[in-house]
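Asker: First, the structure itself, so that you have it in front of you.
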Amino acid sequence: MAVMAEPVAAHVKRSSLWTRAFESRNFLGAMFMVPAIAILILFLAYPLALGFWLGMTDAKIGGAGRYIGFQNFVSLSKDSVFWLSVFNTIFYTVAASAVKFAIGLYLALLLNERLPFKSIVRAIVLLPFVVPTVLSAIAFWWIYDSQFSIISWVLLKAGLITHYIDFLGDPWNARWSVVAANIWRGVPFVAITLLAGLQTISPSLYEAANLDGATNLQRFRHITLPMLSPIIAVVMTFSVLMTFTDFQLIYTITRGGPINATHLMATLSFQRAITGGNLGEGAAISNAMIPFLVAAILLSFFGLQRSRWQQGGRD
Amino acid sequence: MSSVQIRDVRKSFGNFEVLHGVSIPIEDGQFVVLVGPSGCGKSTLLRMLAGLENITSGTISIGDRVVNNVQPKERDIAMVFQNYALYPHMTVGENMGFSMKLRGESTDEINKRVKRAAEILALSPLLERYPRQLSGGQRQRVAMGRAIVRDPQVFLFDEPLSNLDAKLRVAMRTEIKELHQRLKTTTVYVTHDQIEAMTMADKIVVMHDGIVEQMGTPLELYDKPDNQFVAGFIGSPSMNFLKGHVRVNGVATFEGPNGVKLPLKNAPAASDGRPVVYGVRPEHFTIADDGADAEIVVVEPTGSETQVFAKLGGEQVVAVFRERHQFNPGDKVKLKPDPSVVHLFDEATGKRV
């Protein structure tokens, strides 16, 4: 009997180490979190930290560079092109987001009504979102071309203008042109998301408001807008963040020209870092975007804080 | 307060007609309940009355004004929705005062009226709360408060109690009835629950498949149902129906399934052998030596009464006794319907004979 018992006891002892480890909630929990943490560190934290670090160095392509503190930022603060790109980015973001919101809300309200061929219209609205950005940018490039522009051609044939418009050659024309391209591309996101929000509003609220004597405008003002405000806050936060960091459209259509008139912080950063080889300076420009983005996020965070009416009972 | 006239109203969705010519007169101050199974068109009719659905043909008038083409907001009606339709982003007080605010009335007047309605409904401590922070019964009361503040010609209720639990439903039933007795506003109330209809209504309108089967006071409908549908719909547990024939030789009797013989008060205007449906309410059975043979299947005591399910001529019937008989499943008993209160319906048309 004693001879038989010994191997069994040994077996129990060996497996108990593993068993004990995997029965411990803390150990098991940590094990489950390892893959997620690894992915976050590798693909989010590391590039971000590297970007911060590069912004503090004079790294060039091919060289490691050395720590120079805030010198990149000091030189940028004296760089008029950098400040122009800051202005351009803010102008681009504010103008495009405001118009995207207006058109998107209008389309969402329209699509929320009973329309003939509604699903087809909805598919058409989504179209700009489906086309790859660079492809649509190239299309806009042609639309804005100084010799082959279809807009100029139509206006000329209609007798409204006498010579072709120089869309991308004049600073303000170029700014408005890229804003228009960005609007075209961003409206579907706003429209479809707001439409989803509109569809969560119970029709009986509109019926009740109707019986309460509300006109169409009053229904929009007192029911639609307040009920939609949480969605609006989310959509516009995303829209602002995406517009502020836009790169593809500008880089394809104007490359930042004419004379830096459409350079955004993102395109300038790319130009200085990759094209110009000054990794450190480019990273510093990118880092300079962070305060703006954090401000936008904070603004929406406080705006987004659930209003009192959305919270559950406290009693 | 106003009377309401519904005259030969029809409603079609596309080619599909859901209301086939409905006429209901509603007197000033009356509490009318539209009751029927789901899909009978009662809610559609109410929504037409509110102006939320178009009227395909026929007329609806409120007071002496035909409102077919009048906008909902100009009909001077208030509606309580099944899901209450409270504005979630407004407090209780704002919800109740919204219609007055839209009309541009002064804040003082709004506050006064809201306060008064809140007192009537015991909502005063909740005026600053949001709908999310209220219980089901409180939300229900806010929905009613919103209607009261309007002081409308007609109140419309669309299944207002169906989202409440059973106990609260009974309490709110009483509350709504009490409110009506106090305000005396003409009320149209839609429900699928015949008990709600029976307990609250001055006049019940039983609807089925887009027509009015019968209208009348609760007890009229209970005592003299026009047809088998009404007889089966009103009353709980519902009326027992047995198919069979009238036999007239000397005394009139009813010959039911498997030759079971049941008494009739007198020979109805019907010839011998006419196929009929014999209807008897559960509480109209007694245990008597000259009753028909039955075998007890299930006994369900509720305290105040006992429901007994039994096989009578092979058909299951239910009888309700207030006395406490000692029954066990399998017992043989003799069940006798009270011939003075049995109902006969034509087997083919379901009409009362």
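The values are calculated or read from the model by the stated rules, or taken from the named source; none is laboratory data. A quick note: this is a predicted structure, and the numbers were derived from the prediction, not measured. Backbone-built Cβ (ideal geometry, glycine too); neighbour counts: all protein chains shown.
Asker: Among the numbered conditions (1) surrounded by 21 or more Cβ atoms within 10 Å (Cβ to Cβ); (2) more than 30 Å from residue B:192 (Cα to Cα), tell me where residue B:240 comes up short.
Answerer: (2)
Asker: Would you confirm, using the coordinates I've provided, whether residue A:125 is crowded, with 19+ Cβ neighbours inside 10 Å, among the β-branched types (Val, Ile, Thr) and outside any loop (DSSP other than H, G, I, E, B)? Break it down stepwise before answering.
Answerer: Working: crowded, with 19+ Cβ neighbours inside 10 Å: yes; among the β-branched types (Val, Ile, Thr): yes; outside any loop (DSSP other than H, G, I, E, B): yes.
Yes, satisfied.
Asker: Going through segment B:122-138 one residue at a time, which ones are in contact with a Leu (Cβ under 9 Å, 6 or more places away or on another chain), outside any helix (DSSP H, G or I) and surrounded by fewer than 20 Cβ atoms within 10 Å (Cβ to Cβ)?
Answerer: B:135
Asker: Another question about this same structure. Scan segment A:277-299 for residues that are surrounded by fewer than 18 Cβ atoms within 10 Å (Cβ to Cβ), part of a helix (DSSP H, G or I) and not hydrophobic (A, V, I, L, M, F, W, C) and report the count.
Answerer: Residues in segment A:277-299 being surrounded by fewer than 18 Cβ atoms within 10 Å (Cβ to Cβ), part of a helix (DSSP H, G or I) and not hydrophobic (A, V, I, L, M, F, W, C): 1 in total.
Asker: Continuing with this model, one more query. Identify, by number, the condition in (1) within 30 Å of residue B:57 (Cα to Cα); (2) β-branched (Val, Ile, Thr); (3) under 12 Å from the mean Cα position of the chain (by Cα) that residue B:185 doesn't meet.
Answerer: (3)
Asker: Let me ask you something else. Could you tell me which of the residues B:318, B:308 is under 18 Å from residue B:256 (Cα atoms), in a strand (DSSP E or B) and hydrophobic (A, V, I, L, M, F, W, C)? Even if it seems obvious, please write down each step before you answer.
Answerer: Details: B:308 fails: under 18 Å from residue B:256 (Cα atoms).
On inspection, the qualifying residue turns out to be B:318.
Asker: Got a sec? Which of B:127, B:134, B:156 is in contact (Cβ under 8 Å) with a residue 12 or more places away in the chain, among the aliphatic types (A, V, I, L, M) and more than 13 Å from every other protein chain (Cβ to nearest Cβ)? Spell out the reasoning first.
Answerer: Numbers: B:134 fails: more than 13 Å from every other protein chain (Cβ to nearest Cβ); B:156 fails: more than 13 Å from every other protein chain (Cβ to nearest Cβ).
Selected residue: B:127, the only one of B:127, B:134, B:156 that is in contact (Cβ under 8 Å) with a residue 12 or more places away in the chain, among the aliphatic types (A, V, I, L, M) and more than 13 Å from every other protein chain (Cβ to nearest Cβ).
Asker: Does residue A:116 satisfy the condition of being on the phi < 0 side of the Ramachandran plot and free of Cβ contacts under 8 Å to residues at least 60 places away in the same chain?
Answerer: yes
Asker: Residues in segment A:194-231 that are surrounded by 19 or more Cβ atoms within 10 Å (Cβ to Cβ) and either within 16 Å of residue A:107 (Cα to Cα) or touching a residue at least 12 places away in the same chain (Cβ under 8 Å) (or both): how many?
Answerer: 10
Asker: Got at least one residue in segment A:252-260 being part of a helix (DSSP H, G or I), assigned by TED's automatic domain parsing to the domain that holds residue A:175 and surrounded by fewer than 20 Cβ atoms within 10 Å (Cβ to Cβ)? Don't jump to the end; show me each part of the working.
Answerer: Of all residues in segment A:252-260, those part of a helix (DSSP H, G or I) come to A:252-253.
Now drop any that are not assigned by TED's automatic domain parsing to the domain that holds residue A:175, which leaves A:252-253.
Next, only the ones that are surrounded by fewer than 20 Cβ atoms within 10 Å (Cβ to Cβ) stay: A:252.
Scanning segment A:252-260, I find at least one residue that is part of a helix (DSSP H, G or I), assigned by TED's automatic domain parsing to the domain that holds residue A:175 and surrounded by fewer than 20 Cβ atoms within 10 Å (Cβ to Cβ), so the answer is yes.
Asker: Here's another thing I want to ask about it. Quick one: in segment A:36-55, of everything that is surrounded by 11 or more Cβ atoms within 10 Å (Cβ to Cβ) and among the small types (Gly, Ala, Ser), which residue is farthest from the chain's Cα centre (by Cα)?
Answerer: Among them, the one singled out is A:55.
Asker: Within segment A:229-267, track down each residue that is aliphatic (A, V, I, L, M) and over 20 Å from the mean Cα position of the chain (by Cα). Steps first, please.
Answerer: So the first thing to find is which residues in segment A:229-267 are aliphatic (A, V, I, L, M), and the list is A:231-236, A:240-242, A:249-250, A:253, A:259, A:261, A:264-266.
Once the filter is applied, which keeps residues that are aliphatic (A, V, I, L, M) and over 20 Å from the mean Cα position of the chain (by Cα), segment A:229-267 yields A:259, A:261.
Asker: Among (1) surrounded by fewer than 20 Cβ atoms within 10 Å (Cβ to Cβ); (2) among the hydroxyl-bearing types (Ser, Thr, Tyr); (3) in contact with a strand residue (DSSP E or B) (Cβ under 7 Å, 6 or more places away or on another chain), there is one condition residue B:44 misses while meeting the rest; what is its number?
Answerer: Going through (1) surrounded by fewer than 20 Cβ atoms within 10 Å (Cβ to Cβ); (2) among the hydroxyl-bearing types (Ser, Thr, Tyr); (3) in contact with a strand residue (DSSP E or B) (Cβ under 7 Å, 6 or more places away or on another chain) one by one, residue B:44 breaks only (1).
Asker: Which numbered condition trips up residue A:81, out of (1) outside any helix (DSSP H, G or I); (2) touching a His at 6+ places or on another chain (Cβ under 8 Å)?
Answerer: (1)
Asker: I need the full set of residues from segment B:72-120 which are in contact with a Phe, Trp or Tyr (Cβ under 8 Å, 6 or more places away or on another chain), assigned to a helix (DSSP H, G or I) and within 8 Å of another protein chain (Cβ to nearest Cβ), in order please. Before you say what the answer is, go through the steps one by one.
Answerer: We begin by selecting, within segment B:72-120, every residue in contact with a Phe, Trp or Tyr (Cβ under 8 Å, 6 or more places away or on another chain); these are B:77-80, B:87-92, B:94-95, B:98.
Those left that are additionally assigned to a helix (DSSP H, G or I): B:92, B:94-95, B:98.
Across segment B:72-120, the qualifying residue is only B:98.
Asker: Go through (1) under 22 Å from residue B:237 (Cα atoms); (2) not in a strand (DSSP E or B) one by one and return the number of the condition residue B:266 breaks.
Answerer: Exception for residue B:266: condition (1).
Asker: Can you work out which of the residues in segment B:6-37 that are free of Cβ contacts under 8 Å to residues at least 24 places away in the same chain and outside any strand (DSSP E or B) is nearest to residue B:53 (Cα to Cα)?
Answerer: Taking segment B:6-37 as the starting set, the residues that turn out to be free of Cβ contacts under 8 Å to residues at least 24 places away in the same chain are B:13-16, B:25.
Right, trim to outside any strand (DSSP E or B) and you get B:14-15.
Working: B:14: 13, B:15: 16 Å.
This residue is B:14.
Asker: If you check residue B:141 against the conditions, is it closer than 22 Å to residue B:182 by Cβ, within 10 Å of another protein chain (Cβ to nearest Cβ) and part of a helix (DSSP H, G or I)? Talk me through it step by step, then tell me what you get.
Answerer: On the way: closer than 22 Å to residue B:182 by Cβ: yes; within 10 Å of another protein chain (Cβ to nearest Cβ): no; part of a helix (DSSP H, G or I): yes.
Criteria not met by residue B:141.
Asker: Just to check your reading of the model, which residue among B:114, B:142, B:154 is modelled with pLDDT of 90 or more, over 25 Å from residue B:45 (Cα atoms) and surrounded by 18 or more Cβ atoms within 10 Å (Cβ to Cβ)?
Answerer: Numbers: B:142 fails: over 25 Å from residue B:45 (Cα atoms); B:154 fails: over 25 Å from residue B:45 (Cα atoms).
Residue meeting the stated conditions: B:114.
Asker: Does segment A:152-174 hold any residues that are free of Cβ contacts under 8 Å to residues at least 40 places away in the same chain and under 26 Å from residue A:190 (Cα atoms), and which are they?
Answerer: First, the residues of segment A:152-174 that are free of Cβ contacts under 8 Å to residues at least 40 places away in the same chain: A:152-167, A:173.
Within segment A:152-174, A:173 is the sole residue that qualifies.
Asker: Return yes when residue A:75 is touching a Ser or Thr at 6+ places or on another chain (Cβ under 7 Å) and assigned to a helix (DSSP H, G or I) and no when it is not. Outline the logic, then answer.
Answerer: On the way: touching a Ser or Thr at 6+ places or on another chain (Cβ under 7 Å): no; assigned to a helix (DSSP H, G or I): yes.
No.
Asker: If you don't mind, another one. Just checking, does segment A:129-140 include any residue being farther than 30 Å from residue B:99 by Cα, in contact (Cβ under 8 Å) with a residue 24 or more places away in the chain and of a type in the set (Ser, Thr, Tyr)?
Answerer: yes
Asker: Okay, moving on. Across segment B:213-227, what is the number of residues that are in a strand (DSSP E or B) and in contact with a Gly (Cβ under 9 Å, 6 or more places away or on another chain)? Before you say what the answer is, go through the steps one by one.
Answerer: Taking segment B:213-227 and keeping what is in a strand (DSSP E or B), we get B:213-216, B:227.
The next check asks that each one be in contact with a Gly (Cβ under 9 Å, 6 or more places away or on another chain); those that pass are B:213, B:227.
Of the residues in that region, 2 qualify.
Asker: Identify the single condition in (1) assigned to a strand (DSSP E or B); (2) crowded, with 16+ Cβ neighbours inside 10 Å that residue B:235 does not satisfy, given that it satisfies every other one.
Answerer: Among (1) assigned to a strand (DSSP E or B); (2) crowded, with 16+ Cβ neighbours inside 10 Å, residue B:235 violates only (1).
Asker: For residue A:60, only one of the following conditions fails: (1) of a type in the set (Lys, Arg); (2) in a loop (DSSP other than H, G, I, E, B); (3) in the same structural domain as residue A:255 (by TED's automatic domain parsing). What is its number?
Answerer: Going through (1) of a type in the set (Lys, Arg); (2) in a loop (DSSP other than H, G, I, E, B); (3) in the same structural domain as residue A:255 (by TED's automatic domain parsing) one by one, residue A:60 breaks only (3).
Asker: If I filter segment A:176-192 for residues that are surrounded by fewer than 19 Cβ atoms within 10 Å (Cβ to Cβ) and either within 14 Å of chain B (Cβ to nearest Cβ) or not in a helix (DSSP H, G or I) (or both), do I get at least one hit?
Answerer: no
Asker: Within segment B:40-63, identify whether any single residue is within 14 Å of chain A (Cβ to nearest Cβ), farther than 20 Å from residue B:162 by Cβ and part of a strand (DSSP E or B), and answer yes or no.
Answerer: Yes, there is a match, as at least one residue in segment B:40-63 is within 14 Å of chain A (Cβ to nearest Cβ), farther than 20 Å from residue B:162 by Cβ and part of a strand (DSSP E or B).
Asker: Being within 13 Å of chain B (Cβ to nearest Cβ) and either under 12 Å from residue B:87 (Cβ atoms) or of a type in the set (Ser, Thr, Tyr) (or both) is the filter here; which residues of segment A:226-243 pass it?
Answerer: Once the filter is applied, which keeps residues that are within 13 Å of chain B (Cβ to nearest Cβ) and either under 12 Å from residue B:87 (Cβ atoms) or of a type in the set (Ser, Thr, Tyr) (or both), segment A:226-243 yields A:226, A:227, A:229.
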